[in-house]
Structure formats: structure tokens, C-alpha cells
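Since the structure comes first, as C-alpha cells, the remarks are kept for the end.
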Amino acid sequence: MPLQRSTTADKFIVDRRKPHRNSDVARAVRKTRDRLSQQNGNPDFDRELLKLHARAMKGGAIIVPLLVLATAATGLFAGVGKGIGVWALFILICYTIVVFMARRVDRTEAAELNPLQTHSDFLIGHFLCGLGWAWFAWLGCDACQVDQFQLLKAVVMLLAMAATAISASSLRGALLATFAVPVVAYAYAGARQWMPVELIMAGLLIVSLPFFAYVARRLNRSSLMLLSFRSEKDALIAELDTAKSMSDEARRRAEDANLAKSRFLASMSHELRTPLNAILGFSEVMANEVLGPMSNPTYRDYARDVHDSGQHLLDLINEILDLSRIEAGRYQLNEEPMMLLSVVEDCCHMMELKARNKDIRIVQDFENALPRLFADERAVRQIALNLLSNAIKFTGTGGEIRVRVGWTAVKDNGPGIPEDEIPVVLSAFGQGSIAIKSAEQGTGLGLPIVQSLLAMHGGEFELHSKLREGTEAIAIFPLSRVMEELPALPTRAVAARRR
């Protein structure tokens, strides 16, 4: 027979069918890590620089062509001839090729680029544009009406050189590949004519080329620095995303563990209480000799020990279940108007016998005129019983416990608690050094339950203690839960007199 598996989520301690909530974060972290690993393998950021150059060429694709068109129109108007029109067409074709290359590179993923090949292609495109500018530098104007045509050519080349230095700074060697040949051509043409103006402009172009190359190099370094900073920022973001993912995963596991604990306690409460009730009942019958006397008194003592141990285990189970319900938000408050004085007085009477066994005196300091409190009577009773039980447990023989109703304070003259151990005793299962050394058994859940029940009522719990002087526990309910008394309705005589 094949194994049958339940499909209900309650059968699993941890429900693994829930979708993983961190899948988007994990994918983002993996993508960032892949990009960072590609950049770490190429420390010069060649791919990123090529992408930046492609964007710059696309963004500034209209600047140099406009300069070329304006120069060609001016040359045609000045009578240079059709040669300048052919030059303009050639150089526009070269810049168009470079722009199409830039668009292709910009659309390609950085990881898919071949840096060496792409860098070479761009340099070839810029070299072709440089050949066009060399053609422009070699152009002559014997029949034109412009006397300083060589000077105008130098100014145009300086403008084109500056625009190229700025837009092509991300590509190493782009400026030299574009204007090295044109500057040589202009200098050679000027040397042939041996005119002072041409020689001065040729020297200016020769000096401007390394200057603009230096500017382009500085801009290239600035781009590298920005890319480095962005890489570090991405690395930090990736680390933060990884830490957040790990934190979310830890929180999810903690929630699953808490859910498993709640389900375990809910399922085991009935299975534990049922045999405990039988143990407590039968041991009490045997200890009291209800069905007949026992011939051996030792058996009677054993029955009392079994009953006391079973009662202690039942109290432990009840406290664990109460605390787990409070932490899970399943503890429902049945709030109603109640008299705090009567509840605390009943609790003192219940603990009176246990206090007498240790020769402890309970002093009741109650304020008689107290308004009603809007709270859960069962929770308030549990708060008072837990505080009284702790006071009796740790107060020595012949001690005194003072209970005040008004501030709901319980004060004893026991051994006290060290100041550094107060956070420990307020935590679940926490016990101080004196409690560990004491012969009294405890679970360490009494005060955390008190603190949680008061928090559910919107109140506060304060614990003040000094060694060898005693402990004072104060349970404070908020003023909003105090119910003011309404004035009495007027009688008929008073109403008639008012009329």
C-alpha cells in the first residue's frame, strides 16, 4: 500500500509550501555580484568606458556635423568651390558611421562586449574622421574672396578639437587618432607658403593638440574614479542586500520555529494534562487513605510526593501555555468592570495558608474608596497570585509581606535581588542567583507573565529591589481603565424643586 501523505498545513511543524519571500532580493544580489565580478576581472573598466563613450557620441552627434555644415556653407558662399562640399559629405559619412557604432555598443550588454575589438573599431572610425579633417586642412582657396582662409581653417579645427576632447574623453587615444594627421597636414601646408600667420596658427594647433589630449586624459581619469566609486557603492549595496536577505531568512526561520512551538504546545497540552489529572487524583486518594488505611506509612508519604510533583508539573505546563498564548497574541482579554480590592483580597486569602506554613505574615494595606477597574478579572487575579507566590517563595521564615491596593504594590523583606539580575528575572525562564540557590522550585515564568498581562492592559510593571532589604513589585494600570462613578439621578422632590 503506498504511503499516504496529508496535504494539510497543520500536519507540518514548518510549512514548506509557502513561497520564498526573498527570491527577488536573491536575484538582485546575484545580478549585482555577476556585474561586480566582471568589473573586478577588468580593473580598467574598459567595458564601462566604452559604454560611456558610446552614450557621449550619441548625445553629441549633432555638434560636430553642425560645425561641418556651417563651415561648408561659408566656404561655398566665399567661393572655395565644390571641393568643400565633397569634403563635408565625406566627413558627415564618417561621423554617421561612428554614431551607428555608438548606438550598437550602447544597445549591447556590457558583459557581451569585446573590449579590444570595440576599442579598435572606434579608433578606426575616429581615424577616418581625422582623414576628413586632414583633407580640410589641405584645402586651398586661390580664387576665394577671403584673405585669411588659413586662419579660419585653424579656428574651425580648434573648435572641432575641443569638442572631440570633451565628447571622446572616455576613449583613450581618440583625440590623437582624429587630429594627429590633420595637424601635421596643416603644419606642412603652412610651411610651404611660409606666411607668418599660417606658421603661428600651425604652432598653435601643434601646442593645442597635447593640451587637449591632457584635458581628455583628466576627464578619462575622472570617469574612472566615478566608475570606481559606483563599483564600491554597488558592492556595499550588494552586501547590504545579502545581509537583509540573511536577516529575512533568519526571521522567517524564527517565525517558523515559533509556529512549531505553538503547535507543539497546543497539541501536547491535552496529552499532558489528561494523565496528570489521573496522577493527581489517584495520588490524593492514596495520600488521604480514602479507600482504606495503608499499612506502611512510607507509601503514604510517597503518594504525597507524587501529588506534589504532579502539581508542580501541572503548574509549569499552565504557565508555559499562558506565556505562549500571550506571545502568539491568542490570549483574549474578557474585559469588564471589576473591583480590584475584592480580587486582591481573595488572592491574599488563597495564599494565607501557604504563608502560615513558613510563618510569614501578610499585611493588607487597602484603600477602601477605590473606583472600579475595566480589566480582565482572570488576568488581574493571575497577576496578584504570581506576585504573592514569588514573595512567599523568597521571603524567609518569620518575614513580612505588605500588599497595598491603590498602587497594587507587593513588598517583602526577603533577601532581595541584585540590580544587575533584574532584567534576567523579568525574562522568560530567567532566575536570579538567589532563586537558583534556594530550595524552592520555580519555572522563571511568573514575572514575565505578569509583565505581559500588564502590557496587554496598557499598563507597566516596575520591580525595585535591594540586597538584604527586600523587593517591591508595582503593577500599574493606565488611568484610562479607571471607571469614574456617575452622579446619582435626582429624585422627584429634587426635580420638582428645581423646576
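The values are calculated or read from the model by the stated rules, or taken from the named source; none is laboratory data. Please read all numbers here as calculations on a predicted model, not as lab measurements. Note: ideal-geometry Cβ built from the backbone for every residue, glycine included; neighbour counts use all protein chains shown. All accessible areas refer to the heavy atoms of the entire protein, side chains included, with ligands and DNA or RNA removed. Shrake-Rupley method; radii C 1.70, N 1.55, O 1.52, S 1.80 Å.
Points worth noting:
- Relative contact order for the stretch 85-239, counting Cα pairs under 8 Å that sit 6 or more residues apart, in percent: 25
- Ser223 accessible area, assembled protein chains, probe 1.4 Å, Å²: 20
- Rounded accessible area per residue of the stretch 165-309, 1.4 Å, Å²: 63
- Principal axis box of the stretch 157-297, alpha-carbon based, largest edge first, Å: 142, 23, 16
- Max-minus-min Cα coordinates of the stretch 165-247 on each principal axis give 78, 16, 12 Å, with the largest extent listed first.
- Annotation: Met201 carries an accessible surface of approximately 20 Å², with a 1.4 Å probe and no ligand, DNA or RNA atoms counted.
- Label-point gap, in nm, between Val207 and Met268 - each point 7 angstrom along Cα→Cβ: 9.1
- Contact order relative to length of the stretch 160-298, as percent, for alpha carbon pairs under 8 angstrom and 6 or more apart: 23
- What separates the Cα centres of the stretch 155-203 and the stretch 82-122 is a distance of 21 Å.
- For the stretch 205-257, alpha-carbon Rg relative to the globular expectation (2.2 N^0.38 Å, N residues): 2.29
- Each residue of the stretch 396-405 was assigned a 3J(HN,Hα) from its phi angle through the Karplus expression (A = 6.51, B = -1.76, C = 1.60, θ = phi - 60°), giving x, 4, x, x, 9, 10, 10, 10, 10, 10 Hz with x at Gly and Pro.
- In sequence order, the stretch 219-225 has phi-based couplings of 5, 5, 5, 5, 5, 4, 5 Hz under the Karplus curve 6.51 cos²θ - 1.76 cosθ + 1.60, θ = phi - 60°, and Gly or Pro positions carry x.
- Between amide H atoms placed 1.01 Å from N, distances below 5 Å from Ile362 occur with Ile401, all of them 5 or more places distant or on a separate chain.
- Once both labels are positioned 7 Å from their Cα atoms along Cα-to-Cβ, the gap between Leu313 and Glu460 label points is 4.2 nm.
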